[in-house]
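To start, the structure itself, in structure tokens.
The values are calculated or read from the model by the stated rules, or taken from the named source; none is laboratory data. These figures come from a predicted structure and were not determined experimentally. Cβ placement follows ideal geometry from the backbone for every residue including glycine, while neighbour counts extend to all protein chains displayed.
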Amino acid sequence: MCEIFGGFVQSHREIVRLALAEDIGTGDITTRSTVPESARARGVFRAKSDGIVSGIDVCAAVFDEVDQDIRLTARLADGGAYHKGDEIAVVEGPARGVLTAERVALNFLQRLSGVATVTSRYVEAVRGTRARIIDTRKTTPGMRLLEKDAIRHGGGHNHRVGLSDGVLIKDNHLAAIGGENPIRSAVEAARSTIPHTLKVEVEVTSLEELSQALDANADVIMLDNMDRHTMAEAVRLTDGRALLEASGGITYESVREVAETGVDLISVGALTHSAPAMDISLQFDISQGEAR
């Protein structure tokens, strides 16, 4: 078995199996036809730029799924900072299995480290303010749980995982409800249905809608695409009666100004939908003897 698993959960394992099935199909014909069964391999995951690592457990699970005789030893834990040239992890075991698993393992490690690295930059940009950086549902299909782990590894925080674990009443819900005060109607309808332990969040686009959400006792209010002046006024009017989340079009260049308005949360879709994969290489030594 691999050495690194930590809190790896079954749902994550299923993501790994799907990725391997997509890549391997009926078998790795190149490796099977060219690499001797007795060959052993040792590979080093090496950083080619600075970043924050995420996906060590996932990487280990990929190799374990292919061959349980493969061992992955991490040089860094998820959330650890690395610099260009650093060793991130070492993999050792039967060469056939290592070669078959390498691309999927690298894909996860590069992608998730990219999310963690971008998140860490946003977190650093708002340091010293009250604002927390949070994610959105703008994730890669099938990889949401892993990407949300990566957000935390980068120092950020998670919004709801999916539609089933939180109430977020958005503009399209309000349009469907209609009436004179759809915000109040929606909040009251939600509270009459959901457990008392769940919070109710409402999206607003104006100070008038903010007032309606406060009167309806919403727990969290999303300030959608507001300019900085209006956002600051929303903070003043709310005066701590609800958590305020800034959302919509927030970039690395603007996030500090948004944080300085006094909002509690800043949701950034770019953490997941636009994060570039980190440049990480896997360099091999392969021999007919024992792994070195």
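Restricting 244, 237, 210 to residues that are in contact with a Gly (Cβ under 9 Å, 6 or more places away or on another chain) and either farther than 17 Å from residue 188 by Cα or not in a loop (DSSP other than H, G, I, E, B) (or both) narrows the list to 244.
Could you list all residues from segment 67-88 that are closer than 24 Å to residue 28 by Cα and out of contact with any Pro (no Cβ under 9 Å at 6 or more places or on another chain)?
68, 71, 72 - these are the residues of segment 67-88 that are closer than 24 Å to residue 28 by Cα and out of contact with any Pro (no Cβ under 9 Å at 6 or more places or on another chain).
Across segment 250-285, the number of residues qualifying as surrounded by fewer than 20 Cβ atoms within 10 Å (Cβ to Cβ) and assigned to a helix (DSSP H, G or I) comes to 4.
For (1) acidic (Asp, Glu); (2) touching a residue at least 40 places away in the same chain (Cβ under 8 Å); (3) at positive phi, each residue gets a yes or a no:
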{"residue": "140", "(1), (2), (3)": "no, yes, no"}
{"residue": "145", "(1), (2), (3)": "no, yes, no"}
{"residue": "149", "(1), (2), (3)": "yes, yes, no"}
{"residue": "194", "(1), (2), (3)": "no, no, no"}
{"residue": "222", "(1), (2), (3)": "no, yes, no"}
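All conditions in (1) crowded, with 17+ Cβ neighbours inside 10 Å; (2) of a type outside the set (A, V, I, L, M, F, W, C); (3) not assigned by TED's automatic domain parsing to the domain that holds residue 137 hold for residue 209, with the sole exception of (3). Looking at the structure I just gave you, is residue 155 in a loop (DSSP other than H, G, I, E, B), assigned by TED's automatic domain parsing to the domain that holds residue 246, surrounded by fewer than 19 Cβ atoms within 10 Å (Cβ to Cβ) and more than 18 Å from the chain's Cα centre (by Cα)? Answer is no for this residue.
Pairing each residue of segment 25-42 that is within 18 Å of residue 287 (Cα to Cα) with any residue that is among the hydroxyl-bearing types (Ser, Thr, Tyr) and assigned to a helix (DSSP H, G or I), provided the two are 6+ apart or on different chains, yields C-beta distances under 6 Å for 31/100.
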